[in-house]
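Written below as C-alpha cells is the structure these notes are about.
No lab work stands behind these numbers, since they all come straight from the coordinates. Worth saying up front: this structure is predicted, and the values here are computed from it rather than measured. Neighbour counts run over all protein chains shown; Cβ positions are idealised from the backbone, glycine included.
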Amino acid sequence: MTASHAPTTAEELRGAGLRVTAARVALLETVRDGDHLDAEGVASGVRDRVGHISVQAVYEALHALTAAGLIRRIEPAGSPARFEGRVGDNHHHVVCRSCGVVADVDCAVDEAPCLTASDDHGFSIDEAEVIYWGLCPDCSTARSS
Ligand SMILES: [Zn+2]
Ligand SMILES: [Zn+2]
C-alpha cells in the first residue's frame, strides 16, 4: 500500500481556484464517468448524485470547470456541446454523422503534433480541434443491411 493519495475531487476543485460545492463535485465526477455527455446528460447525472439542480446551475458549473481546465468542451457542428474529463492531451474525436456518438482519437503521431501548424500566423497555439466524421459501426451495419 502506498502512502501517497490521489487528490479528491474536492481538492482538485480547490486546487483550480474554484469554490467547492456538492454540485460541482458531482458534476466533475459525472463528466469524468460519462462518455462525452451533453449538458442534459450531465444534469441528469448530477441529479442522480445530489438531487435537484437547476439547468442554469449546471450550465454555470460547466462553464466554470471548463474555464478552469478541469473539463473540456467539444462542439461538433450540428450537435449540442459535449463535455469530457480527459483534458490537456489535445486528443481528437470521431463523430458519427448518423447517431452522433463520439469517441476519442489520439493524435496520429506522438505528442500533439497537430499543434504545430504549417503556418501559425504568429499565434501562440494551444489547441487544435480535429473532428473526424463518418458512420459508427452500428450505423454502417444498419445501412448496409
Ligand atoms: Zn452511429
Ligand atoms: Zn474526448
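Considering every pair of different Cα atoms, what Kirkwood radius, in Å, is found for the chain?
Computed over Cα pairs of the chain, the Kirkwood hydrodynamic radius comes out at 17.1 Å.
If you put +1 on each Lys and Arg Cβ and -1 on each Asp and Glu Cβ, how big is the dipole of the chain around its Cα centre, in Debye rounded to 20?
Using Cβ point charges on Lys, Arg, Asp and Glu, the chain gives about 620 debye.
Suppose R0 equals 35 Å; then what is the FRET efficiency for residue 94 and residue 123 from their Cβ-Cβ distance, rounded to the nearest 0.05?
0.85
Can you compute the modelled spin-label distance between residue 35 and residue 56, with each label point 7 Å from Cα toward Cβ, in nm?
With each label point 7 Å from Cα toward Cβ, the separation is 3.4 nm.
Rank by packing, highest mean first: peptides 119-130, 57-68, with packing defined as the count of other Cβ atoms within 10 Å averaged across residues.
57-68, 119-130
Can you find, among 18, 85, 140, the residue farthest towards the positive end of the dipole of the chain? Put +1 on the C-beta of Lys and Arg, -1 on that of Asp and Glu.
About the Cα centre, the residue reaching furthest to the positive side is 18.
In whole Hz, with x marking every Gly and Pro, tabulate ³J(HN,Hα) for region 52-59 from phi via Karplus 6.51 cos²θ - 1.76 cosθ + 1.60, θ = phi - 60°.
4, 8, 6, 4, 4, 5, 5, 4
If you rank 54, 144, 118 by fewest surrounding Cβ atoms within 10 Å, what's the result?
Placing the least packed residue first, the sequence is 118, 144, 54.
Counting DSSP beta bridges with both partners in the chain, what percentage is antiparallel, nearest 5?
That works out to approximately 70 percent antiparallel.
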